[in-house]
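Since the structure comes first, as structure tokens, the remarks are kept for the end.
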Amino acid sequence: MAQGPEEPIPGVDLDRPSVARVYDWYLGGTANWAIDREFGKMVLAAFPAGKYCARANRAFLHRAVRRLVRLGVRQFVDIGSGVPTMGNVHQIADEVAEDSRVVYLDREPVAVAHSRILLERHGDPERHAVIQGDLREPENLWQSVADTGVIDLDRPLALLVTAVLHIEQPGPDGRDLGPEAIAQYREMLPSGSYLVLSQITNEGLPEDLAKQLRTVIELYDTNVSKHVLRSAAEIRALFGDFELLDPGVTWTAAWHPEESGPDTPVVDFAHPSEAAMLAGVPRKS
């Protein structure tokens, strides 16, 4: 990348760790700073499986993109895309069909800056774009997607919201707006579109892992940003009345492992629940 991880990027807050940059570190990326790495080490000391959960989620994203391209999807909007690392959506999609189109969105300045660098080097401006946007503002964000000219919002697309909604999305009154925003996106999606979503859950985990996760959430709440853990039923509700592809809502590690590719992270768990995230891919009829 054009800028090393210790070089300042305008708008980047280095006084506290960043969710996106710490996640990048878990995945083995380089778009992170010392403050992020130190916090990440604290997390892994309390929750050693943390980086494997992150990589299992990344693997789910890879597999979902591959499956949807095979089903004919050629347009992807990735909300909360984070910093580019370990196989990005356009790279995975292009492995299957070279006419795919992707718009990346994030509100984190470093994620947007590094994504722009990546696309300048390895992207196609007619098929790929990155914009800064906020999940909590669906109408503004949707207009920004349309303004890129990359995505035709009248045609089916896949909306990707992976490992995002467990980060609290507070409104002016402090209430978490994540579920309401997702409901708005479901309404705006054209018929034939898909929603790809994953989130950390507080249900169904091995007892020791659940205890470690509670400690980690306290660390994030105190040092980075507030988190919201949802039950399996609450995560299913995020899909509304969309029809879920098989196998329904399941652990990220268990969603269509046969769709893994050469660049997909390989994570072996004794049981898929150790991935700590539930995921699903439903279709709008």
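Other residues with beta-carbon under 15 Å from the beta-carbon of Pro170 carry, at +1 per Lys or Arg and -1 per Asp or Glu, a net charge of -3. Charge tally around Ser81: other residues with Cβ under 10 Å, Lys/Arg +1 each, Asp/Glu -1 each, net -3.
Helical runs (DSSP H, four residues minimum) scored at -39500 (n - 2.57) apiece and divided by the length of the chain put the mean residue ellipticity at 222 nm at -12000 deg cm²/dmol.
Each label was represented as a point 7 Å from its Cα along the Cα-to-Cβ direction; for Met42 and Ala233 these points are 3.5 nm apart.
Would you work out if region 43-201 is rounded, prolate or oblate? Take a ≥ b ≥ c from the square roots of the eigenvalues of the alpha-carbon gyration tensor; rounded if a/c is under 1.5, else prolate when a/b is larger than b/c, oblate otherwise. Since a/c stays below 1.5, the shape of region 43-201 is classed as rounded. Under 5 Å from the amide H of Gln75 lie the amide H atoms of Arg101, Ala158, each residue being 5 or more positions distant or on a separate chain, with H modelled from the backbone and absent for Pro and chain starts. Ranked by solvent-accessible area (1.4 Å probe, protein heavy atoms only, all chains present), the residues Met188, Met42 order from largest to smallest as Met42, Met188. Of all lysines in the structure, the ones whose alpha carbon falls short of 27 Å from that of Lys51, not counting any fewer than 8 places away in one chain, are Lys41, Lys211, Lys226. Quick one: net charge around Ala253, please, counting Lys, Arg +1 and Asp, Glu -1 for every other residue with C-beta under 15 Å from its C-beta. Residues near Ala253 contribute 0 overall. Full extension of the chain between Asp154 and Ala270 gives 37.4 nm of extra length, using 0.36 nm per residue less the Cα-Cα distance. Just how far, in whole angstrom, is region 159-176 from region 177-251 if you go by their alpha carbon centroids? Spelled out, the Cα-based centre of one part sits 10 Å from the other. Sorting Arg214, Arg74, Arg21 by accessible area puts them as Arg214, Arg74, Arg21; the probe is 1.4 Å, largest comes first, and only protein heavy atoms count. For region 7-92, the ratio of Cα radius of gyration to the globular rule of thumb 2.2 N^0.38 Å stands at 1.23. Each eigenvalue of the Cα gyration tensor of the chain, multiplied by 5 and square-rooted, gives one semi-axis; in descending order these are 26, 23, 19 Å.
For region 205-280, the relative contact order works out to 38 percent when only alpha carbon pairs closer than 8 Å and six or more residues apart are counted.
Label separation (Asp246 vs Ser191): 2.6 nm, computed from points 7 Å beyond Cα along the C-beta direction.
Only Cα pairs under 8 Å and 6+ residues apart enter the sum, and on that basis the relative contact order of the chain stands at 22 percent. Across the accessible surface of region 212-285, with the other protein chains kept in place and a 1.4 Å probe, carbon and sulfur atoms take up 48 percent. Antiparallel beta bridges, as assigned by DSSP with both residues in the chain, represent about 35 percent of the total such bridges.
The values are calculated or read from the model by the stated rules, or taken from the named source; none is laboratory data. The structure presented is a predicted model; accordingly, all values stated were derived computationally and were not measured. Quick reminder, even Gly has a Cβ in these numbers, built from the backbone with ideal geometry, and neighbours come from all protein chains shown. For accessibility, only protein heavy atoms count, side chains too; no ligands or nucleic acids. Shrake-Rupley method; radii C 1.70, N 1.55, O 1.52, S 1.80 Å.
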